[in-house]
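Before anything else, here's the structure in question.
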Amino acid sequence: MSHSNKPFDLIVVGEINPDLILRGDVVPAFGQVEQLVDDATLTIGSSSAIFACGAARLGLRVAFVGKIGDDVFGRFMHEQLAARGIDTSGIVVDSTIRTGLSVILSRGADRAILTYSGSIAALRYDEIDLRLLDQARHLHLGAYYMLDALRPDVPRLFAEARRRGLTISLDTNYDPTERWESGLAEALAAVDIFLPNETELCAIAGVADTSAALEHLGQRIPIIGAKLGAKGGAARQNGTTVHAGALPIDVVDTTGAGDSFDAGFVYGYLHGWELERTLRLACACGSLSTRAAGGTAAQPALAEAEAVL
Ligand SMILES: Nc1ncnc2c1ncn2[C@@H]1O[C@H](COP(=O)(O)OP(=O)(O)O)[C@@H](O)[C@H]1O
Ligand SMILES: [Mg+2]
């Protein structure tokens, strides 16, 4: 890989919080009813952290920038990232806030998610150690629409990254306000790779048809890697769209599949792979990640993902 004199391939900026997954008879009954569930697991949550773990699993050298409270959920996330060899020196601990949490009520194929935003929305531009940018080749920002305090400064962050020669990828994830703007056009103008799912792609393009949405956004974004769920993915670069299928798989849990796809896509990009191979790796990483509960437990190492290409 070129530029390997830099200590990191990738800086991830975004949200960092655990998921508490409850399985079984999870529909709550109020009136102080105590109800037993089959299983409870605290696991790595949040799009950006799951992406960082997926990239590290593939062998990329990753540093993470995000914000946690001085509490057990924050310490859990910090430990989990560090255990995967991810540099955590850019993680800010703020004792005035509490780490965010998602409680996932999982019932067969369906689930309900209760999220306490907490530290998720609180990361500010002035808390990002810009010196980390000098140490990496690429910047990935996840969960744009969750990062309330940072969002107005995302164009500034991207400009700093570009000035230092980094390439940039962005996965906005879903916009809870469903306005699909909030300065996004300016942020998108600076990215090299945009990584939406099908819903996000069409909403942001303002076009209902997926291939038309790809064509439309492809006029102003160099590379788009679009996630199409069980259909796999599509990617567009230089006026050409390529497709790749998902793997036929016994899906256990699709949490984080899109973030694992992103990790594969960025891996291929940073290694100079051609678009179609990059997309196939991304789809393999997304599909393989659905084999186990939670976002990170089944993320593949490179050899395992390449074996199914
Ligand atoms: N049911 C499924 N079967 C196989 N692969 C899947 C399935 N759902 C998702 N994937 C894989 O994960 C990738 C991302 O999933 P998707 O649900 O589209 O993204 P997001 O999680 O961002 O909404 C897909 O491109 C595909 O490769
Ligand atoms: Mg997603």
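The values are calculated or read from the model by the stated rules, or taken from the named source; none is laboratory data. The structure displayed is predicted, hence computed values, not measured ones. Neighbour counts are summed over all protein chains in view; Cβ atoms, including those assigned to glycine, are modelled from backbone coordinates with ideal geometry. We work out accessible area using only protein heavy atoms, side chains counted, and drop any ligands, DNA or RNA first. Shrake-Rupley method; radii C 1.70, N 1.55, O 1.52, S 1.80 Å.
I need the strands (runs of 3 or more DSSP E) fully contained in segment 1-51, keeping only those with at least 2 residues that are surrounded by 20 or more Cβ atoms within 10 Å (Cβ to Cβ) and of a type in the set (Val, Ile, Thr).
Because the criterion is at least 2 residues that are surrounded by 20 or more Cβ atoms within 10 Å (Cβ to Cβ) and of a type in the set (Val, Ile, Thr), the strands (runs of 3 or more DSSP E) in segment 1-51 that meet it are 8-13, 39-44.
Of all residues being open to solvent by 60 Å² or more (accessible area, probe 1.4 Å) and in contact with a helix residue (DSSP H, G or I) (Cβ under 7 Å, 6 or more places away or on another chain) in segment 238-258, which is nearest to ligand 2 (Cβ to nearest atom)? Just the residue, please.
Across segment 238-258, the extreme among qualifying residues is Thr254.
Condition test on Thr115, is it more than 17 Å from Val65 (Cβ to Cβ), in contact with a Cys (Cβ under 7 Å, 6 or more places away or on another chain) and surrounded by 16 or more Cβ atoms within 10 Å (Cβ to Cβ)?
Numbers: more than 17 Å from Val65 (Cβ to Cβ): yes; in contact with a Cys (Cβ under 7 Å, 6 or more places away or on another chain): no; surrounded by 16 or more Cβ atoms within 10 Å (Cβ to Cβ): yes.
Criteria not met by Thr115.
Continuing with the same structure: Which of the residues spanning segment 265-285 are under 15 Å from Gly245 (Cβ atoms) and open to solvent by 10 Å² or more (accessible area, probe 1.4 Å)?
Those that are under 15 Å from Gly245 (Cβ atoms) and open to solvent by 10 Å² or more (accessible area, probe 1.4 Å): Glu276, Arg277, Arg280.
If I ask for residues that are within 8 Å of the chain's Cα centre (by Cα) and under 12 Å from Phe261 (Cα atoms), which ones from segment 49-61 would you list? Quick ask: steps written out before the conclusion?
Here is the first cut: in segment 49-61, the residues within 8 Å of the chain's Cα centre (by Cα) are 49-52.
Listed by number, the residues that qualify are Ile50, Phe51, Ala52.
Also, quick follow-up: Find the residue count for segment 211-237, including only residues that are more than 14 Å from ligand 1 (Cβ to nearest atom), under 15 Å from Ser169 (Cβ atoms) and open to solvent by less than 50 Å² (accessible area, probe 1.4 Å).
4
Evaluate segment 136-155: report whether one residue or more is of a type in the set (Lys, Arg) and out of contact with any Phe, Trp or Tyr (no Cβ under 8 Å at 6 or more places or on another chain).
no
So, one more: Restricting to segment 180-206, name every residue that is within 15 Å of ligand 2 (Cβ to nearest atom), open to solvent by 10 Å² or more (accessible area, probe 1.4 Å) and out of contact with any Phe, Trp or Tyr (no Cβ under 9 Å at 6 or more places or on another chain).
Glu198, Cys202
Are any of the residues in segment 126-147 away from ligand 1 (no atom under 16 Å from the Cβ), aromatic (Phe, Trp, Tyr), part of a helix (DSSP H, G or I) and open to solvent by less than 40 Å² (accessible area, probe 1.4 Å)? Don't jump to the end; show me each part of the working.
Residues of segment 126-147 that are away from ligand 1 (no atom under 16 Å from the Cβ), as a first pass: 126-139, 147.
Applying the additional criterion that residues be aromatic (Phe, Trp, Tyr) yields none.
No, every residue in segment 126-147 fails to be away from ligand 1 (no atom under 16 Å from the Cβ), aromatic (Phe, Trp, Tyr), part of a helix (DSSP H, G or I) and open to solvent by less than 40 Å² (accessible area, probe 1.4 Å).
Can you work out which of the residues in segment 271-309 that are more than 29 Å from Asp110 (Cβ to Cβ) and not in a helix (DSSP H, G or I) is nearest to the chain's Cα centre (by Cα)?
Taking segment 271-309 and keeping what is more than 29 Å from Asp110 (Cβ to Cβ), we get 271-278, 280-281, 301-303, 306-307, 309.
Now restrict to residues that are not in a helix (DSSP H, G or I): 271-274, 301, 309.
Working: His271: 19, Gly272: 21, Trp273: 21, Glu274: 22, Ala301: 17, Leu309: 22 Å.
Among those residues, the one meeting the criterion is Ala301.
Of the conditions (1) in a loop (DSSP other than H, G, I, E, B); (2) more than 21 Å from His140 (Cβ to Cβ), Asn173 fails just one. Which one is it?
(2)
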